[in-house]
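The values are calculated or read from the model by the stated rules, or taken from the named source; none is laboratory data. Since we're looking at a predicted model, the values are computed, not measured. Glycine gets a Cβ as well: all are built from the backbone with ideal geometry, and neighbour counts include every protein chain shown.
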Amino acid sequence: MWLLMFCFCVQADPGVLLSQAKDGNLDGVKQAIAAGVEVNAKDKLAQNTALILSAQNGHAEVVTYLLENGADPNIQNRSGNAVIHLAALQNQPAIIRLLLDHKVDIESQNQEQKTAFALAARRANYDLMEQLLNWGAKIDCEDGLGRTPLMIALERDHVELTRRLVEMGADVTHFDKFGRNPLMYCHNVNLAIFLTQQGAKLDFVRDPGPHPLTEYIKRGDLRMVKWIIGANCDINAKDEQGWPALTIARRLGNTEVAGLLLEKGAAELDFEKNKDLAILYFAGKGDLVRVSELKDQKVSIDGKDTLSTRPLIEAVLNNQQEMVTYILDLGANPDLPDGQGNTALMIASAKGYGPIVEFLLARGADPFLQNKAGLTAYQQAMDQGTRGPAITALKKAGADTFTLIPCCQDQKKD
């Protein structure tokens, strides 16, 4: 009796099923399942199931048997991929076809929110991409940010992949979740021209939303800026916050781009009609007179744009120490965050602006607050390799002794 129980335990070992599936031994797989091994058992290291292992090794008969006996094709391994995603990465169209025949969703996403087609595109596997499209895959499948394979190819400046995707029918006007279209992902003038030849429009944008011109200015891409200005785009285009191109260039201190825009007759932001943006602009420029005038006109010193950038944060970003002092003297709250949860102290710490860090701490800035990623000012300073007065001031405030517990501490609200 004891011997029978021992044999049964050996036979029911999940490792037996997994090894037999990996080796393609159909009889061994059948025996393991008959002995009571859970069909969806995983290995400890990679969290692979028998279905994943058999598919990875191209054992179609074993894959079929496992699917017909309750194997779950949607289980993801430790890398976040289910069997269809691994088959796409490993160029196994026969396995994918088999999975589809067993009703596996061709649009299922892995942990990175990539479909089989997106993964095939990542590898520039054109034959598999064509097959997947013939089987019903969507060419404009979106990831978690709303990006399509075409957008990612453009972002990586992958010329051939971009052209092939467009030839296969990719939408050159598709918007991601932030209102960016393929032209805004482009880093290559020749590809930008190609996109326009295929139907992309220079001024086809969401309102409010970014514009290719404003995106190129923000990333400092002079070649793309020159191209799109020369292609007669709207030189007064605004970004999603309402900043016109010329003001963006000046705000970033890009005098060359500002000069190009002025030559074309570009207009500055109408500061009288956009006082909430005006106070941000002049805070970043260190213009005490204009900020004072706007404050007298009842413009909030703690106001923000759509990214929650505030006058104090703008002053810190531009290392305007006198402006930081002035804004705090006007009663600004030093702990109000931007859209990423970063306070003025966090930004100054990350940039290594020691005098501003010291001053903010002296004026009551909280060194223990965390941003949305769970990082404190000290942690951000260390991550950026900041040394000197900024770190010294944070240590003096005890910030280096704080035990980091992401997302457990409430951020101050405005």
Some residue of region 15-23 being at pLDDT 95 or above, among the charged types (D, E, K, R) and not in a loop (DSSP other than H, G, I, E, B): yes
Contacts under 7 angstrom Cβ, first residue in region 342-355 being within 14 Å of F368 (Cα to Cα), partner crowded, with 23+ Cβ neighbours inside 10 Å and aromatic (F, W, Y), 6 or more apart: S349/Y378
Residue satisfying all of: in region 182-216; acidic (D, E) and part of a loop (DSSP other than H, G, I, E, B); nearest to I235 (Cα to Cα) among these: D203
First in region 291-315 and without any contact (Cβ under 8 Å) to a residue 60 or more places away in the chain, second anywhere and hydroxyl-bearing (S, T, Y) and in a helix (DSSP H, G or I), Cβ under 9 Å, 6 or more apart: V291/Y326; S292/Y326; E314/Y281; A315/Y326
Inter-residue pairs, beta-carbon under 7 Å, first within 18 Å of G253 (Cα to Cα) and touching a residue at least 40 places away in the same chain (Cβ under 8 Å) and in region 210-238, second part of a helix (DSSP H, G or I) and not polar (S, T, N, Q), 6+ apart: I217/V225; I217/A245; I217/I248; I217/A249; I217/V257
Some residue of region 337-345 being surrounded by fewer than 19 Cβ atoms within 10 Å (Cβ to Cβ), of a type in the set (D, E, K, R), within 20 Å of S308 (Cβ to Cβ) and out of contact with any strand residue (DSSP E or B) (no Cβ under 6 Å at 6 or more places or on another chain): no
Failed item in (1) touching a Phe, Trp or Tyr at 6+ places or on another chain (Cβ under 7 Å); (2) buried (at least 19 other Cβ atoms within 10 Å of the Cβ); (3) in a helix (DSSP H, G or I); (4) not β-branched (V, I, T), with L261 passing the rest: (1)
A118 in a loop (DSSP other than H, G, I, E, B), touching an Asp or Glu at 6+ places or on another chain (Cβ under 8 Å) and modelled with pLDDT of 95 or more: no
Which listed residue is under 27 Å from the mean Cα position of the chain (by Cα), in a loop (DSSP other than H, G, I, E, B) and within 26 Å of S300 (Cα to Cα), from G341, G385, G331: G341
